[in-house]
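Q: Dropping the structure in here first, questions after.
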Amino acid sequence: MHSSQYTTEPPYDVIIAGCGPTGAMLAAELRLHDVRVLVLEKETQPASAVRIVGLHIRSLELMAMRGLLDRILPHGRRRPASAFFAAIAKPAPKSLDSRYAYLLGIPQPVIEGLLEEHAIELGAKVRRGCAVAGLEQDDEGVTVELSDGEQLRSRYLVGCDGGRSTVRKLLGVGFPGEPARTESLMGEMEVGVPQEQIAVTVAEIRETQQRFWLRPAGVGVYSVLVPAAGVSDRAEPPTLEDFKHQLRAIAGTDFGVHSPRWLSRFGDATRLAERYRVDRVLLAGDAAHIHPPIGGQGLNLGVQDAFNLGWKLAARIRGWAPDALLDTYQAERRPVAEAVLDNTRAQTELLSTEPGAQAVRRLLTELMDFDQVHLHLLEKITAIGIRYDFGAGPDLLGRRLPDLDVKQGHLYGLLHHGRGLLLDRTERLTVGGWSDRVDYLADPTAAVDVPGALLRPDGHVAWIGDDQRDLDEHLSRWFGKPAH
């Protein structure tokens, strides 16, 4: 791209490449702070494949924090918070500390549509049929070139454009990891044999082959998962004949499958971007990390990236962010992605049909009868066990606060606007000159065992205590200089 000198203010503060769940969520988070956002989506139409995805506990909590959960719930199906880790079936632990302790199964086009609608309602602009082809950044902003040659200008660019991210490639950011070793076919289709016959055959095969199921997904429709014949580098979906061939190879029958609703393939490639930020260009979601879909963490990890990044990037654009605030995005989220990549690697090993892997699986199945073991693994998968490193302090520091009962109702109801919140049980603290960025709640009855807690806009506890001077230091650390 030819270098240009720009002297006028860019028309956008942030351009987001990709209008999947991560991009749409990020756009909405930025709009809560009046940031001018343009989302570019290369696809002309929303995705039509009716793949069911799962919103985990932490994502449900974040949706509740923004007042979105009531809009989403009618479109999904609640399932128990169990059998997440390597598909090992156990009842949910009794000590699960969340008001939203379930999985919400929801069609991917529906959740993407609801999040895009939410972003547009808040004032984000979405342009479809626009693919990023080039970028160039300078001290003032980023010039984005589209595939038709059009050039757009913004102060920042965020690549939320998936595992094959153009933005990441244009930046030259490395994406090391392991290529796919196995591939699976997944889809929804009708079957031509009785349910009883399916149940018997599937139960027999799943004793040794975990990457195989036929599960009811509606009247006469089944969700089908079957190992692929090998690993391909093709991006296009498989055919119904591919499914039939693999079903016959593994089950001895193709179950008379017909009339597919959607068909897809996925591998177990595992990769992590070396950096999440190069000056004014950032990466989020699958553009920053890919991993096998086991445990259903991918969409959730991306949405949670957006919640972490949104308020920090908005703070930078609004001019009140402390110098290091935007750097905390990579410092906090990249280790989380590393941990997810590790747990999916572990789960993938546990799905192997090899005798050693099967022995480890049987051992772990026994260990998960201990509530603390099961809880630990469940917290990993559902992201409620995350603790960011905010320095020395009580265990709650850096963790998310559950949706407590407070005198105004529920705590998360006070976080709809994406601002910080001081929860003060002493009734002696104040947010002072930060009241334009941080809300205040005096509630001596709040069900939390600390005198005062400062919450960031993503619900993580940034400070605990009862000393005003110490609080002011932490307000400055996270929310910049006071307005007065």
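The values are calculated or read from the model by the stated rules, or taken from the named source; none is laboratory data. Source: prediction; values computed, not measured. Here the Cβ positions follow ideal geometry from the backbone for every residue, glycine too, while neighbour counts run over all protein chains shown. These accessible areas exclude ligands, DNA and RNA; they are computed on the full protein's heavy atoms, side chains included. Shrake-Rupley method; radii C 1.70, N 1.55, O 1.52, S 1.80 Å.
Q: Tell me which residues come under 5 Å, amide H to amide H, from L404 once H is placed; ignore anything under 5 positions away on its chain.
A: Amide H neighbours of L404, under 5 Å, 5+ apart: L411, Y412.
Q: Restricting the count to DSSP beta bridges whose residues both fall in the chain, what percent are antiparallel, rounded to a multiple of 5?
A: Once the DSSP bridges in the chain are tallied, antiparallel ones form about 70 percent.
Q: If amide H atoms are built 1.01 Å from N in the plane of the peptide, which residues on other chains or at least 5 residues away come under 5 Å of the amide H of G177?
A: Those qualifying (amide H under 5 Å, at least 5 residues apart or on another chain) number zero.
Q: Hey, which of these cross-link pairs are over 21 Å Cα-Cα: K125/K481; K42/K125; K94/K407; K42/K244; K312/K481?
A: Beyond 21 Å between Cα atoms: K125/K481; K94/K407; K42/K244.
Q: Continuing with the same structure: Placing +1 on the Cβ of each Lys and Arg and -1 on the Cβ of each Asp and Glu in segment 123-280, which of L225, V167, A124 has its Cα farthest towards the positive end of the resulting dipole?
A: Towards the positive end, the residue furthest out is A124.
Q: Over the Cα atoms of segment 357-410, what radius of gyration and what Dmax do you get, in Å?
A: 16.1, 51
Q: Could I ask something else about it? What's the local net charge at A346, with K and R +1, D and E -1, over the other residues with C-beta under 14 Å away?
A: -2
Q: Residue-wise, which Karplus ³J(HN,Hα) couplings in Hz belong to segment 246-260, taking 6.51 cos²θ - 1.76 cosθ + 1.60, θ = phi - 60°, and x for glycine or proline?
A: Each residue of segment 246-260 in turn: 6, 4, 5, 5, 9, 9, x, 7, 9, 6, x, 5, 7, 6, x Hz.
Q: If you don't mind, there's one more thing I want to ask. Does segment 32-108 classify as rounded, prolate or oblate by the C-alpha gyration tensor (a ≥ b ≥ c root eigenvalues; a/c under 1.5 gives rounded; else a/b over b/c gives prolate, otherwise oblate)?
A: oblate
Q: Roughly speaking, to the nearest percent, how much of segment 336-484's 1.4 Å accessible area is carbon and sulfur?
A: 53 percent
Q: Name the shape class, rounded, prolate or oblate, that the alpha-carbon gyration tensor gives for the chain, where a ≥ b ≥ c are the square roots of its eigenvalues, rounded holds for a/c under 1.5, and otherwise prolate holds if a/b is larger than b/c and oblate otherwise.
A: Taking the square roots of the gyration eigenvalues as a ≥ b ≥ c, the chain is oblate.
Q: Moving on. Spelling out what I want: for every residue of segment 370-376, take phi, set θ = phi - 60°, compute 6.51 cos²θ - 1.76 cosθ + 1.60 (Karplus), and round to whole Hz; glycine and proline get x.
A: Here the 3J(HN,Hα) series is 7, 4, 5, 5, 4, 4, 4 Hz.
Q: Kindly report the accessible area of the chain per residue (heavy atoms of protein chains, probe 1.4 Å, no ligands, DNA or RNA), in Å².
A: Spelled out: the 1.4 Å probe surface of the chain, per residue, equals 43 Å².
Q: Enumerate the calculated ³J(HN,Hα) couplings along segment 279-291 in order (Karplus 6.51 cos²θ - 1.76 cosθ + 1.60, θ = phi - 60°), each rounded to whole Hz, writing x wherever the residue is Gly or Pro.
A: For segment 279-291, the Karplus-derived couplings read 6, 9, 10, 10, 10, 8, x, 5, 5, 9, 7, 10, 6 Hz, x marking Gly and Pro.
Q: Still on this structure, I have one more. Determine, from the Cβ-Cβ distance of F370 and L396 and an R0 of 25 Å, the FRET efficiency 1/(1 + (r/R0)^6), rounded to the nearest 0.05.
A: Efficiency at R0 = 25 Å is approximately 0.55.
Q: Now a separate question. Quick one: which residues, 5 or more positions from S147 or on another chain, have an amide H under 5 Å from its amide H? H modelled 1.01 Å from N in the peptide plane, none for Pro or chain starts.
A: A131, A133
Q: Round to a whole number: what % of the accessible area of segment 273-327 belongs to carbon and sulfur, probe 1.4 Å?
A: On segment 273-327, the fraction of accessible area on carbon and sulfur atoms equals 42 percent.
Q: Could I ask something else about it? Would you work out which of P394, N343, S264 lies farthest towards the positive end of the dipole of the chain? Charges go on Cβ: Lys and Arg +1, Asp and Glu -1.
A: Of the options given, the answer is S264.
Q: Highest mean first, how do 89-101, 197-209, 374-386 rank when packing is the count of other Cβ atoms within 10 Å averaged over residues?
A: Per-residue Cβ counts within 10 Å, averaged per peptide and sorted highest first, yield 374-386, 89-101, 197-209.
Q: Quick one: net charge of R168's neighbours, Cβ under 13 Å, K/R +1, D/E -1?
A: +2
Q: Let's test the formula: R0 of 45 Å, r as the Cβ-Cβ distance of E236 and A359. What FRET efficiency results, to the nearest 0.05?
A: 0.75
Q: Give me D for segment 300-346 in µm² s⁻¹, whole number, from Stokes-Einstein with Rh from the Kirkwood sum over alpha-carbon pairs, 20 °C and 1.002 mPa s.
A: Estimated diffusion coefficient is 186 µm²/s.
Q: Quick one: ranking H460, H417 by accessible area, 1.4 Å probe, largest first, what do you get?
A: Putting H460, H417 in descending order of accessible area: H417, H460.
Q: Which one, A64, L152, P80, is farthest towards the positive end of the dipole of segment 57-160 when Lys and Arg carry +1 and Asp and Glu -1 on their Cβ?
A: It is P80.
Q: Okay, moving on. Determine the dipole magnitude for the chain: charges of +1 sit on the beta-carbon of Lys and Arg, -1 on that of Asp and Glu, nothing else is charged, the reference point is the Cα centre, and the result goes in debye to the nearest 20.
A: Roughly 460 debye for the chain.
Q: Suppose every Lys and Arg Cβ carries +1 and every Asp and Glu Cβ carries -1, with no other charges. What dipole size does segment 130-232 come out with about its Cα centre, to the nearest 20 debye?
A: The dipole magnitude comes to about 320 debye.
Q: I'd like the carbon and sulfur percentage of the solvent accessible area for segment 124-205, probe radius 1.4 Å, heavy atoms only, ligands and nucleic acids excluded.
A: Taking all protein chains in place, segment 124-205 shows 47 percent carbon and sulfur surface.
Q: So how do 287-293, 472-478 stack up, highest first, on mean other-Cβ count within 10 Å?
A: 287-293, 472-478
Q: Arrange the peptides 356-363, 158-165, 17-24, 389-396 so that the one whose residues have, on average, the most other Cβ atoms within 10 Å appears first.
A: My ranking of the peptides, most packed first, is 17-24, 158-165, 356-363, 389-396.
Q: While we're on this one: Please report the net charge: other residues with Cβ closer than 15 Å to the Cβ of R79, K and R +1, D and E -1.
A: Overall, the nearby charge balance is +4.
Q: While we're on this one: Cα gyration tensor of segment 379-484, axes a ≥ b ≥ c as square roots of the eigenvalues: rounded (a/c below 1.5), prolate (a/b > b/c) or oblate?
A: rounded
Q: Also, quick follow-up: Using only DSSP helix segments of four residues or longer, with each worth -39500 (n - 2.57), what per-residue ellipticity at 222 nm results for the chain after dividing by its residue count and rounding to 500?
A: -9500 deg cm²/dmol
Q: Using DSSP, restrict attention to beta bridges with both residues in segment 17-160 and report what percent are antiparallel, rounded to the nearest 5.
A: Restricted to segment 17-160, the bridges split so that about 75 percent are antiparallel.
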